[in-house]
Amino acid sequence: MTLDDCYDRLHAAVLEELPAAVELRHALHADPRRSGDETDTAAAVVAALGQGEGREVAGTGRLVRIGDATGPTVALRAELDGLTVQEQTGVDWASASGVMHACGHDAHLAGLVAVCRAVARVGGPAPLLALLQPREESAPSGARDVAQSGLLAQEQVVAVVAAHVQPQLTAGVVNAKPGPVNAATDEFTITVTGHGGHGGYPHTTHDPVLALAAVVVNLQQLVSRRVDPTVGAVLAVTQLDAGSSFNVVPDTARARGGLRVMRESDRTALLTALTEVAEHTAAAHGCTAEVHSESNEPVLANDPELARGALPWLERSGVQVDDTWRSFGADDFSHYCADARGLMLFLGVDGGAADDRGRRPGLHASRFLPGDDTVGQVATALLAGYLAGAELLGT
């Protein structure tokens, strides 16, 4: 059977699965779980797949194989966890627990189930692995733990495909950009130490607050002067902490922030420069600075051949395809790309009703709720990625 024939059969089968998948989406959305506590969510999705219990991975995650028990495999990944957000969508199936699927994970899971059930029912060109991943929204990264478990190698996974809703894209558009699409992220803390004292006698102190303020300002030139502007980077100081009283110069002041880059070389260079600027600026104010950084996710780079392979199937489904958009957000899906071909597809969605100023909710917002048609969009994207992966396997 040709891939064209497989597409026609699978596309029709996916459409037949969508009503049940939408019901599953509602059930998952109404009863979400926080990162690390996704056992119930995993069990509900495994039951909907109907292919046995699968294998536990990364604590609360599951791997469920569809089709042949051996041989090179394409994995479809969806995230199990919700966020600590009090939902304000007002739908009958809203969560009331203070946890919410405010990032589309409910739709991702339901779309994955639709594709897997279709493949199980009518057959597919390659074995398929449902990768139900925990802890996408918090550390330690669930994807990192899955990748390091060795189970994907045991399952002979050659390609991993995921889809993610993205309200920054026009509704109905699917992004399949080759190369880097999400940034690497690092967290940093800068601690400036000076010599505190009475606020009325500043000449007797070495003020760490003033020194830290100068550090924050001086850091703003790093991206514009150290990184190729056609590539870009983000360096943001987002937290400041100093002092306990208006009339006391403290001994220390701290700043926290994040660094996001699309190239590993920029990551190394900017972290080095950040430390140099902090230390030298603090020294100019008679203080010292210590910088601590912690790496989170690597760059998420789509496999070019896999991305190109998905295009004809996406176009055949009638969606508009974009291959230019990228984001300085981050996703731990990037950990899979180190050991297998990876493809993250972004789906343009309408995030929900606009407020009285015409603003629509975005990811992680308490009113974020893409329509139920999103389940079908996710399934369409995952099917295209699955067929592209199967083609790479030579099936």
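The values are calculated or read from the model by the stated rules, or taken from the named source; none is laboratory data. Because the structure is predicted, anything quoted here is derived from the model rather than measured. All Cβ positions, even for glycine, are placed from backbone atoms using ideal geometry, and neighbour counts span all protein chains on display. Side chains are part of the model used for accessible areas, which takes the heavy atoms of the whole protein and leaves out ligands, DNA and RNA. Shrake-Rupley method; radii C 1.70, N 1.55, O 1.52, S 1.80 Å.
Screening residue 268 with (1) surrounded by 15 or more Cβ atoms within 10 Å (Cβ to Cβ); (2) more than 24 Å from residue 159 (Cα to Cα) gives one miss only, at (1).
A single member of 16, 23 is out of contact with any strand residue (DSSP E or B) (no Cβ under 8 Å at 6 or more places or on another chain), within 19 Å of residue 108 (Cβ to Cβ), surrounded by fewer than 17 Cβ atoms within 10 Å (Cβ to Cβ) and not β-branched (Val, Ile, Thr), and it is 23. For region 283-304, the tally of residues that are out of contact with any Asp or Glu (no Cβ under 9 Å at 6 or more places or on another chain), touching a residue at least 60 places away in the same chain (Cβ under 8 Å) and either polar (S, T, N, Q) or assigned to a helix (DSSP H, G or I) (or both) stands at 3. When residue 40 is tested against the conditions (1) more than 19 Å from residue 373 (Cα to Cα); (2) open to solvent by 20 Å² or more (accessible area, probe 1.4 Å); (3) in contact with a Ser or Thr (Cβ under 7 Å, 6 or more places away or on another chain); (4) not hydroxyl-bearing (Ser, Thr, Tyr), the lone failure is (3).
Candidates 329, 358, 352, 362: the one that is without any contact (Cβ under 8 Å) to a residue 40 or more places away in the chain and assigned to a loop (DSSP other than H, G, I, E, B) is 358. In region 71-128, the qualifying residues are those that are on the phi > 0 side of the Ramachandran plot and either in a helix (DSSP H, G or I) or open to solvent by 10 Å² or more (accessible area, probe 1.4 Å) (or both), and the one that is modelled with the highest pLDDT is 98.
Yes/no matrix, rows are residues, columns are (1) modelled with pLDDT under 95; (2) of a type outside the set (D, E, K, R); (3) under 28 Å from the mean Cα position of the chain (by Cα); (4) within 15 Å of residue 276 (Cα to Cα):
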residue	(1), (2), (3), (4)
212	no, yes, no, yes
218	no, yes, no, yes
243	no, yes, no, no
248	no, yes, no, no
251	no, no, no, no
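Comparison of 146, 160 shows that the only residue that is in contact with a strand residue (DSSP E or B) (Cβ under 6 Å, 6 or more places away or on another chain), β-branched (Val, Ile, Thr) and in a helix (DSSP H, G or I) is 146.
Listed here are the residues, each with its yes/no results for (1) more than 18 Å from residue 128 (Cβ to Cβ); (2) surrounded by fewer than 24 Cβ atoms within 10 Å (Cβ to Cβ); (3) among the aliphatic types (A, V, I, L, M).
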{"position": "326", "(1), (2), (3)": "yes, yes, no"}
{"position": "332", "(1), (2), (3)": "yes, no, no"}
{"position": "341", "(1), (2), (3)": "no, yes, no"}
{"position": "345", "(1), (2), (3)": "no, no, yes"}
{"position": "358", "(1), (2), (3)": "yes, yes, no"}
{"position": "366", "(1), (2), (3)": "yes, yes, no"}
{"position": "381", "(1), (2), (3)": "no, no, yes"}
{"position": "389", "(1), (2), (3)": "no, no, no"}
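Looking at this structure, is residue 254 assigned to a helix (DSSP H, G or I), open to solvent by 20 Å² or more (accessible area, probe 1.4 Å), in contact with a strand residue (DSSP E or B) (Cβ under 8 Å, 6 or more places away or on another chain) and touching a residue at least 60 places away in the same chain (Cβ under 8 Å)? Criteria not met by residue 254. Counting only residues that are surrounded by 15 or more Cβ atoms within 10 Å (Cβ to Cβ), of a type in the set (A, V, I, L, M, F, W, C) and closer than 17 Å to residue 269 by Cβ, region 216-241 holds 7 of them. Say whether the condition of being closer than 29 Å to residue 15 by Cα, assigned to a loop (DSSP other than H, G, I, E, B) and in contact (Cβ under 8 Å) with a residue 60 or more places away in the chain is met by at least one residue in region 305-316. Scanning region 305-316, I find no residue that is closer than 29 Å to residue 15 by Cα, assigned to a loop (DSSP other than H, G, I, E, B) and in contact (Cβ under 8 Å) with a residue 60 or more places away in the chain, so the answer is no. For region 58-70, what are the residues that are in a loop (DSSP other than H, G, I, E, B) and either open to solvent by less than 30 Å² (accessible area, probe 1.4 Å) or on the phi < 0 side of the Ramachandran plot (or both)? Those that are in a loop (DSSP other than H, G, I, E, B) and either open to solvent by less than 30 Å² (accessible area, probe 1.4 Å) or on the phi < 0 side of the Ramachandran plot (or both): 58, 60, 68, 69, 70. Which residue out of 81, 68, 92 is within 16 Å of the chain's Cα centre (by Cα) and of a type outside the set (Ser, Thr, Tyr)? Just a single option satisfies the conditions, and that option is 81.
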